[in-house]
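Student: Quick one: this structure, given as structure tokens, is what I'll be asking you about.
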């Protein structure tokens, strides 16, 4: 133990001997660690925003449909006994749900038309699941006074404003065409232009009457803790017969979002490997230079009886101290950067204003997880140790005579 402490003390002094080189090495490692931690925090923040937006935009955490339900809304498929589903929610402790009826439709305004998804929603239940009621930019939210709610992108595309009339054409429960004119009561906007262009909302009772589907519910969305949606889904499937009902999580409803998250994770892992490979090579090169500069010194240490294990320990500990100091500096800088980005974020207006693929806020904020900070530091220290092993091994095998005579 005393020998280990002695060699560690010598290693720490060696770090200070060539302060300039040590400083450059520490800065390089710290900068790599800073970038990794900040990028990871931004990635987590982006993924959280994507999941929250997907869940609160329309999907909910879970959705229940009738067995055989087609997501393309080709037909109106009634959920048998919706009250049984609601009872099942209560049995597993879920109270935030919204009953809906959905159908594909054609919206016409003058000479312009657009294919849309028509959703009949309960204005009291829907805010428990989605944030739509808080995204109204003009007019009002859905209520029992009638009218429809359309997206800002759609309103601009077909040239309508609040109070203007539009014509909706859809198929009723029997597959027969139905047409009716509705006033535009409200206009909403989200960060997802494709959603704003294709989704139209009206009161649940109005939609049921329009589609000749009184008292029919085709979808019940639930909002629960997104980290436990699989557990909640399994509980629901255990209560509801799969012959009559179909339970899906948001990952099954919006698989493209999960694919983007998986792709980002894979890209981040590749970046981590590259950065730590650079750190390892930097440490190896630095310590190799140290060995060549101290040939005579190492030879003398060996000649006076220092064991090869002692020389190896000294060089490895020097690598460790370089990594430890760099980890401390990089972590402090990363914490400061993440604190700033967590509060103010990065303005993504130029990227999200016309986003067609997934909904995110216009400001991306960092969200640093403790485990990510710990893992990054542990791997940095491990990489520094590994990077110093080969030079240390070479140093421990030096022959005293050759090393002392080296010029």
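Student: Could you give the angle, 0 to 90 degrees to the nearest 10, between helix 2-17's Cα long axis and the longest principal axis of the Cα atoms of the chain?
Tutor: With rounding to tens, the tilt is 80 degrees.
Student: Next question, about the same structure. What whole number of Å gives the distance from the Cα centroid of segment 197-275 to the Cα centroid of segment 28-54?
Tutor: 25
Student: I've got another one for you. Taking the simple approach of a point 7 Å from Cα along Cα-to-Cβ for both residue 35 and residue 370, what is their distance in nm?
Tutor: 2.9
Student: Exposure proxy check: 35, 338 ranked by fewest other beta carbons within 10 Å?
Tutor: Details: 35 16, 338 23.
Fewest-to-most ranking of 35, 338: 35, 338.
Student: Further question: Whole angstrom only: what separates the Cα centroid of segment 160-182 from the Cα centroid of segment 322-339?
Tutor: 59
Student: Select one label from (i) 19.4; (ii) 26.5; (iii) 33.5: the one whose number is mean projected area of the Cα convex hull in nm² as derived from the coordinates shown.
Tutor: (ii)
Student: Quick check on the exposure proxy: order 252, 214, 234 from fewest to most C-beta atoms within 10 angstrom.
Tutor: Working: 252 16, 214 9, 234 13.
The most exposed by this proxy come first: 214, 234, 252.
Student: Taking the chain as a Gaussian network, where each spring joins two C-alpha atoms under 10 Å apart, which residue of 51, 64, 329 fluctuates the most?
Tutor: Of 51, 64, 329, the Gaussian network model singles out 329 as fluctuating most.
Student: What's the extension gain from residue 95 to residue 115 if we count 0.36 nm per residue and subtract their Cα-Cα distance? The partial results should precede the final answer.
Tutor: Numbers: separation 20, 0.36 × 20 = 7.20 nm, distance 3.32 nm.
Length gained, residue 95 through residue 115: 3.9 nm.
Student: Here's something else I'd like to know. Applying 1/(1 + (r/R0)^6) with R0 = 35 Å to the Cβ-Cβ distance of residue 267 and residue 339, what FRET efficiency is obtained, to the nearest 0.05?
Tutor: Working: r = 25 Å, r/R0 = 0.71.
For R0 = 35 Å, the calculated efficiency reads 0.90.
Student: Now, a different point. Which order do 241, 75 fall in if you start with the one that has the fewest other Cβ atoms within 10 Å?
Tutor: Numbers: 241 11, 75 15.
With the fewest neighbours first, 241, 75 line up as 241, 75.
Student: To the nearest 10 degrees, how steep is helix 19-54 against the longest Cα principal axis of the chain, on a 0 to 90 scale?
Tutor: Between the helix axis and the principal axis of the chain, the angle is about 10 degrees.
Student: Pop the C-beta distance of residue 194 and residue 300 into the FRET formula with R0 = 51 Å and round what comes out to the nearest 0.05.
Tutor: Numbers: r = 73 Å, r/R0 = 1.42.
The computed FRET efficiency comes out at 0.10.
Student: Rounded if a/c is under 1.5, else prolate if a/b is larger than b/c, else oblate: which is segment 102-188, with a ≥ b ≥ c the root eigenvalues of its Cα gyration tensor? Provide the component values of the computation, followed by the final result.
Tutor: Values: a/c = 1.87, a/b = 1.17, b/c = 1.59.
It comes out oblate by the Cα gyration axes.
Student: Can you give the angle from 0 to 90° between the axis of helix 82-91 and the longest principal axis of the chain, with both taken from C-alpha atoms, to the nearest 10?
Tutor: So the helix axis and the longest Cα principal axis differ by about 30 degrees.
None of the figures in this text is laboratory data; all of them are computed from the coordinates on show. Just so it is clear, the structure is predicted and the values come from calculations on it, not from any experiment. In this analysis, Cβ positions are derived from the backbone assuming ideal geometry, glycine residues included, and neighbour counts consider all displayed protein chains.
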